[in-house]
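Taking it in order: structure first as structure tokens, then the write-up.
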Amino acid sequence: MPAPLHHPPTAGPSATPGGARIHTLPLPPVPSTLLIPLAARAHGGRYFPQLDCADTQAAGLLQQLGADVSAYLADRPTVLNVLWRTRRIRALAQDFFAAHPPAWGINLGCGLSQYLQWLPGAAHWLDADLPAVMALRRRLLPTPTARQHSAAIDLQTPDWWPALQLPPEALAQPLWAMCEGVLMYLAPAQVRQVLQEFADHAPPGSRLVLDAIAHCGVGQAGWHASVGRTGAQFHWGIGCLSELTRMHPRLRLHSSYNVAECYGWLGLWLEALWRPWIGAPLYTLAVLEVT
Ligand SMILES: C[S@@+](CC[C@H](N)C(=O)[O-])C[C@H]1O[C@@H](n2cnc3c(N)ncnc32)[C@H](O)[C@@H]1O
């Protein structure tokens, strides 16, 4: 097992209100947010056993990083949110691969997640993120198998799709793509460009699952109990779900899921109260399909 990473002095806000410190990664603010879902998948099952995603890799990765994520775990609503979305995405992907056995899966902005562990039906899987994150993956994760592929990309550049270097057989049938916990950190024009690239290139029947915050959350990351510690900011949110499909004529909304459901009746009630003002759910998972 590689030695824990050395953590240089960090610039971002890392002191918790109670005084405990979070070991931040040697990464800029946005990529360093990958610790938040990693911590939830590693240890969130302690607090929400019914949503435990049984991630066999996450705890070992945290150990190798030597990261103290106790403050992220103390942010229980976010832990619950991550476990809920992981299970939703996992179930959606399992259904997709059952219907399209030779299909490829792509995880855009994968962080240190490992969805392939839950998807034996996926013929091939490609994890893509910024170069610094892909270097971290190479350092921490076991040698990839023949089904596992990777690409260093920057979704803020117009040539991210060719940078995936998908072989022709990946595009011979619908493909599965996911972009989880990523797009809210991009500018609206960049999000539009990501969706347009996907819709321009992915074969018909392909799906993209993404998560989106409501407009009212834009610029408010400092108030978020976990993201606020990283120094990252939210730049993109939606006012209604049709904004997603309006970005390209080939995109249709396959399905959507409201995070309020994981907070039970109270969450649904509060959401119903706020809805007239905020338009979209506070946090949505949307599945877009290429027609
Ligand atoms: C909150 S983390 C989510 C990681 C992973 N999807 C998960 O749920 O565990 C945000 C991720 O988005 C990636 N990301 C942010 N901007 C990106 C960009 N322009 N291109 C590619 N990846 C990006 C970050 O590097 C980071 O891994």
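The values are calculated or read from the model by the stated rules, or taken from the named source; none is laboratory data. None of the values given here were measured: they were computed from a predicted structure. Cβ placement follows ideal geometry from the backbone for every residue including glycine, while neighbour counts extend to all protein chains displayed. These accessible areas exclude ligands, DNA and RNA; they are computed on the full protein's heavy atoms, side chains included. Shrake-Rupley method; radii C 1.70, N 1.55, O 1.52, S 1.80 Å.
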Scan region 62-74 and tell me whether some residue there is of a type in the set (D, E, K, R), open to solvent by 30 Å² or more (accessible area, probe 1.4 Å) and modelled with pLDDT under 95. yes
Only listed residue being at pLDDT below 95, more than 24 Å from Phe97 (Cβ to Cβ) and touching an Asp or Glu at 6+ places or on another chain (Cβ under 9 Å), chosen from Pro158, Pro131: Pro158
Considering only residues that are surrounded by 19 or more Cβ atoms within 10 Å (Cβ to Cβ) and outside any strand (DSSP E or B), which ones fall in region 252-270? Val259, Ala260, Cys262
If a residue has to be closer than 24 Å to His100 by Cβ, more than 13 Å from the ligand (Cβ to nearest atom) and in a helix (DSSP H, G or I) to count, how many in region 183-215 make the cut? 6
Condition set in contact with a helix residue (DSSP H, G or I) (Cβ under 8 Å, 6 or more places away or on another chain) and away from the ligand (no atom under 12 Å from the Cβ), scope region 141-157, selection least open to solvent (accessible area, probe 1.4 Å): answer is Leu141
Report yes if some residue within region 13-35 is farther than 17 Å from Gly181 by Cα and at pLDDT 95 or above; otherwise report no. no
Quickly run through region 158-173 and pick out the residues that are on the phi < 0 side of the Ramachandran plot and either open to solvent by 60 Å² or more (accessible area, probe 1.4 Å) or of a type outside the set (A, V, I, L, M, F, W, C) (or both). Pro158, Asp159, Pro162, Pro167, Pro168, Glu169, Leu171, Ala172, Gln173
So, in region 92-104, of the ones that are in contact with a helix residue (DSSP H, G or I) (Cβ under 9 Å, 6 or more places away or on another chain) and either open to solvent by less than 40 Å² (accessible area, probe 1.4 Å) or under 13 Å from Met178 (Cβ atoms) (or both), which residue ends up farthest from the ligand (Cβ to nearest atom)? Ala103
Regarding region 105-112, can at least one residue be identified that is in contact with a Ser or Thr (Cβ under 7 Å, 6 or more places away or on another chain), buried (at least 19 other Cβ atoms within 10 Å of the Cβ) and among the β-branched types (Val, Ile, Thr)? no
Quick one: is Arg137 within 16 Å of Thr33 (Cα to Cα) and more than 9 Å from the ligand (Cβ to nearest atom)? yes
Residue satisfying all of: in region 30-85; among the charged types (D, E, K, R) and away from the ligand (no atom under 15 Å from the Cβ); nearest to Arg229 (Cα to Cα) among these: Asp68
Residue check for Arg138: surrounded by fewer than 20 Cβ atoms within 10 Å (Cβ to Cβ), in a helix (DSSP H, G or I) and over 16 Å from the mean Cα position of the chain (by Cα): yes
Among the residues of region 162-170, are any more than 13 Å from the ligand (Cβ to nearest atom), in contact (Cβ under 8 Å) with a residue 40 or more places away in the chain and polar (S, T, N, Q)? no
Any residue in region 119-133 that's within 14 Å of the ligand (Cβ to nearest atom): show its pairings with residues that are modelled with pLDDT under 95 and hydrophobic (A, V, I, L, M, F, W, C) at Cβ separation under 6 Å, as long as the two are six or more apart or on different chains. Ala132/Leu27
